[in-house]
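The values are calculated or read from the model by the stated rules, or taken from the named source; none is laboratory data. The structure displayed is predicted, hence computed values, not measured ones. Methodologically, a virtual Cβ is constructed for each residue, glycine included, from the backbone with ideal geometry; neighbour enumeration extends over all protein chains shown.
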Amino acid sequence: MNLRPGDEGIEKECEYRYINSQLEAKTMHLLREADEILAHGAKSTNDDLCKASLTNSEYCSSLRQSVDTVEPTSEYLDKDNLNTASVDEVEYCDEPDRNEMNDRNILPEAAVGLSLKAQNRYLQAKVRVLLEENQKLNSQIAQQNEEGVRMKNRIQELEDERSRLHRVTSSHSNQLEKMKKSLSETRSHCSTLETEKTNYKKDYDSVKRSLDQQAAEIKALTTRLNRATEECDRYKAELEKVRSSTRENVDSLRHNVDNLMTENKRLERQKTELIGAFKKQMKLIDVLRRQKMLIEASKCLQITEEEFLKALDW
């Protein structure tokens, strides 16, 4: 299927518009994803830090409260163990948290009635558990920090991708403008071609009508020529007949002419003979006329016979 230049330009413009819209949608999606990742990472980091800080604060306050509430005069208390536990436990507490929550008891109700040694073992076990939880929280914080770094790198990549997509979009926009300009030129060219096509079609219709008219005239001339050829053949046949009949007539006429010539010669001879006889008769008539004149003259003159004869001899 053959396409016009205007249709091809429209298809290219639609294709570039579709690609541009896809790139814009992809850019917006990546930006939203980056914002969500940043917000989630910041929220998780803040929650973990707050939780860790609160846990450490509560833990230190509980340790201080338990140390303050233990009686040193108990018979079951080992003074060295108590001092060591107190020093080790106080090292995990921050200075701002020493005066907080001094009145809270970290022992459950079931452990209140136990001996100080049992409570100490309970508190040491609880310290170990809290230290493990603190270590887990620290590892989680490190993981969150690493995740934050990865998110920053991802954001940087997204920013680079956004810049690249922006450049691509700008390039596509420029190409789209060029395509629009080319499309406008193509449309004007198409309009010119349509006008030329209309003019050519009019010329074609005129030439076609002229050719049809000439074809009709040629057909009529061919018909007339065929008729003339048929008449010519008929006339040739008739002419051949006339020639044969004329040839026969000429032969007969020639024979008649020969006969007439012979008869003419005969008549000429007869004419000559008649003229000679006529001349002789004229001479004879002349002689007779003279004789008559002489006779009349002799009668008038009464001449003699001898004189008359002499006159005749004259």
Among the numbered criteria (1) surrounded by 11 or more Cβ atoms within 10 Å (Cβ to Cβ); (2) closer than 21 Å to residue 36 by Cα; (3) polar (S, T, N, Q), which one does residue 153 miss? (1)
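Per-residue answers, yes or no, for (1) modelled with pLDDT under 85; (2) touching a helix residue (DSSP H, G or I) at 6+ places or on another chain (Cβ under 7 Å); (3) surrounded by fewer than 12 Cβ atoms within 10 Å (Cβ to Cβ):
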position	(1), (2), (3)
239	no, no, no
258	no, no, yes
262	no, no, yes
280	no, no, yes
297	yes, no, no
304	yes, no, yes
Is it the case that residue 159 is exposed (fewer than 12 other Cβ atoms within 10 Å of the Cβ) and at pLDDT 75 or above? no
Return yes or no: is residue 188 surrounded by 14 or more Cβ atoms within 10 Å (Cβ to Cβ) and either at negative phi or among the acidic types (Asp, Glu) (or both)? no
